[in-house]
Amino acid sequence: MATFLQSALGEAMSRLKTADVAGATDAIQRALVGNALTPLDGSSGHEGKWIGIDATAPRRLGDVLLALKAHRGRFANPAPTGSDENSPAHCQDRFRSRRFLDASGSLNYKLYVPVDHAGRKLALVVMLHGCTQDPDDFARGTRMNALAEEFGLIVAYPHQPHTANAQGCWNWFDTRHQERGRGEPALLAGLAQALAAEFNIDSDRVFVAGLSAGGAMADVLSVTHPDVFAAVGVHSGLPHGAATDVMSAFDAMKGNAKPVARRNRSRSRKIIFHGSIDTTVAPSNGQMVLEMARSGSPDLQEVTVETDAGGKRTVRTLLGPAEGRTVAEHWVIMGGGHAWSGGDRSGTYTDATGPDASREMIRFFLER
């Protein structure tokens, strides 16, 4: 119980700093009644495997289902560690601006390298910001740099300049940027391959994730470059092929996307997050991303579980074979809007409540 109280007090102090008195009170009350994370093995020590937190959680769909049924599928955000891994002072030496150039073009990006990367088996995560955002903003809001230290991640944040799109959006809706070998998909895949070679990262440990327009471009990459990105995270995004110009993009965002062609079926594993009351990108788009993962694989089994996570109810659907890794996860966050779930309030388009999307993505990416 002391460990639970310590974690709850850390969470409460963090919430008080942002004037979230109700959230702070709830954190302490949960600890007092012992309503904390439950180890899968029933132990009371620190060595248990935590649902939704530990990258060593059950791999097979059947195992996941049993664990969820036994423990009501409780998912929670981790308590703050007490140091801000995303603060400029803390990251100054490891979060640097760089530029990538190849035959497809060039782009600026920021790169986070964990302090002890030389002695670890690394993974690469390419993070695609949403419209009006930039790498610093997205890093703050997602807190992905803190997870980089924990899990040994090289994290790249490409920057979409306003010269490429007036709102700084990735051009997911433009047919010039929806195919392999040209446009933004080729440029982003080239960056990922260059970083994987630089840091000696295995091809099955290269991932991409994004929010909104960034999430839509992540899904584009899941179709155009499945050989480069082993898994993708799509938060509040749209499926590849949902639009072909600006007007159809607005229709798709409203939930009127044209049927996605079967040829667009992705071969990358994917984890999807979408708020149920997202008024910017209709939640039906998240369901369409899931259907793309299901297309052409009638033998996949589906499990749906309702859970509580970070103060919000979630409907979580897992798609996969009876044996082997889950192919796709779809999280519908009830009452969630157009914001990165479980994010940091210091970033734009974030919701501090709900499941920790960053941590859940990394858990999904690193599953074996």
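Every number in this text was worked out from the coordinates using simple rules, so none of it is lab data. Quick caveat: nothing in here was measured; it's all calculated off a predicted structure. So basically every Cβ, Gly included, is an ideal-geometry build from the backbone, and we count neighbours across all protein chains shown.
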#### Entry: Relative packing of 131-143, 170-182, 112-124, which averages over residues the other C-beta atoms within 10 Å, highest first
131-143, 170-182, 112-124
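Can you work out the FRET efficiency for the pair Arg96 and Arg368, with r the C-beta to C-beta distance and R0 = 22 Å, to the nearest 0.05?
Efficiency, rounded to the nearest 0.05: 0.10.
I need His225, His274 ordered by Cβ neighbour count within 10 Å, fewest first.
Values: His225 23, His274 26.
Fewest-to-most ranking of His225, His274: His225, His274.
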### Task
Starting from the exponent 0.38 and prefactor 2.2 Å, build the expected Rg for the stretch 88-365 from its residue count and divide its actual Cα Rg by it.
0.92
### Summary
Taking a crude spin-label model, label points 7 Å out from Cα along the C-beta direction, the Ala322 to Glu150 distance in nm is 3.5
### Query
Full extension from Met247 to Asn165: what is 0.36 nm times the residue separation minus their Cα-Cα distance, to one decimal in nm?
28.0 nm
## Note on the structure
Counting sequence-distant residues (5 or more places) and residues on other chains, those with an amide H built under 5 Å from that of Asn256 are none
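Stretched out fully, how many nm does the piece from Phe199 to Asn108 gain, at 0.36 nm a residue minus the Cα gap? Spell out each step's value before the answer.
Details: separation 91, 0.36 × 91 = 32.76 nm, distance 1.85 nm.
Residue separation times 0.36 nm, minus the Cα-Cα distance, leaves 30.9 nm.
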### Query
Counting Lys and Arg as +1 and Asp and Glu as -1, each charge on the Cβ, what is the dipole of the stretch 130-249 about the Cα centre in debye, to the nearest 20?
160
### Task
Take every Cα-Cα distance within the stretch 268-315, group them into 10 Å bins from 0 onward, and report for each bin the whole-number percent of pairs it holds.
20, 49, 28, 3
## Note on the structure
Long-range amide H partners of Ile154, meaning residues 5 or more apart or on another chain whose placed amide H is closer than 5 Å, are Ala123, Leu124, Val125
### Task
Using a Förster distance of 25 angstrom, determine the FRET efficiency expected from the C-beta separation of Asp134 and Arg345, and round it to 0.05.
0.90
#### Entry: Sorted by Cβ density within 10 Å, fewest first, the residues Ile277, Ile154, Ile271
Ile277, Ile154, Ile271
### the stretch 170-243 shape via C-alpha gyration tensor axes, a/c threshold 1.5
prolate
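Give the shape of the stretch 109-193 as rounded, prolate or oblate, defined through the alpha-carbon gyration tensor: a ≥ b ≥ c are the square roots of its eigenvalues, a/c under 1.5 means rounded, and otherwise the shape is prolate if a/b is larger than b/c and oblate if not. Before the final figure, lay out each step's value.
Values: a/c = 3.14, a/b = 1.65, b/c = 1.90.
Because a/c hits 1.5 or more and a/b fails to exceed b/c, the stretch 109-193 counts as oblate.
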## Note on the structure
For the stretch 180-291, the percent of all C-alpha pairs falling in each 5 Å bin, from 0 up to the bin holding the max distance, is 2, 13, 24, 24, 18, 10, 5, 3, 0
